[in-house]
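Student: Sending over a structure as structure tokens; questions will come in a sec.
The values are calculated or read from the model by the stated rules, or taken from the named source; none is laboratory data. Just so it is clear, the model here is predicted, and its values are computed rather than measured. Positions of Cβ are backbone-derived with ideal geometry, glycine not excepted, and every protein chain shown enters the neighbour counts.
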Amino acid sequence: MEETPFQCEYCHRFFKHKRSRDRHIKLHTGDKRFQCSQCESAFSRSDHLKIHMKTHDHLKPFQCSFCNRGYNTAAVV
């Protein structure tokens, strides 16, 4: 059995790495120190802010091959 020694104090979920547990805890605490400079949105992770910022540039470089609709991130295509 794989050892998962790091436990969330809020929901008691276990994590293999301390960093993963610490990142998860921010979901419970509401720590959102990454503020969007163009709107009121705030995020607990810088990578989430980076993804969000693409909504403000109105560029949609990722195109669906079925419907030809454009998207600002590849994850939704």
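Student: I need the full set of residues from the range 1-16 which are of a type in the set (Phe, Trp, Tyr) and part of a strand (DSSP E or B), in order please.
Tutor: 6, 14, 15
Student: Name the single residue, out of those in the range 1-33 being of a type in the set (Phe, Trp, Tyr) and either in the same structural domain as residue 52 (by TED's automatic domain parsing) or without any contact (Cβ under 8 Å) to a residue 12 or more places away in the chain (or both), that is surrounded by the most Cβ atoms within 10 Å (Cβ to Cβ).
Tutor: Selected residue: 15.
Student: Let me ask something else. Specify the residue that is modelled with the lowest pLDDT; the eligible residues are those in the range 47-62 that are within 14 Å of residue 77 (Cβ to Cβ) and basic (Lys, Arg).
Tutor: Top of the filtered list is 60.
Student: Here is a further query. Considering each of 60, 50, 54 in turn, give the residue that is outside any strand (DSSP E or B), charged (D, E, K, R) and surrounded by 14 or more Cβ atoms within 10 Å (Cβ to Cβ).
Tutor: 54
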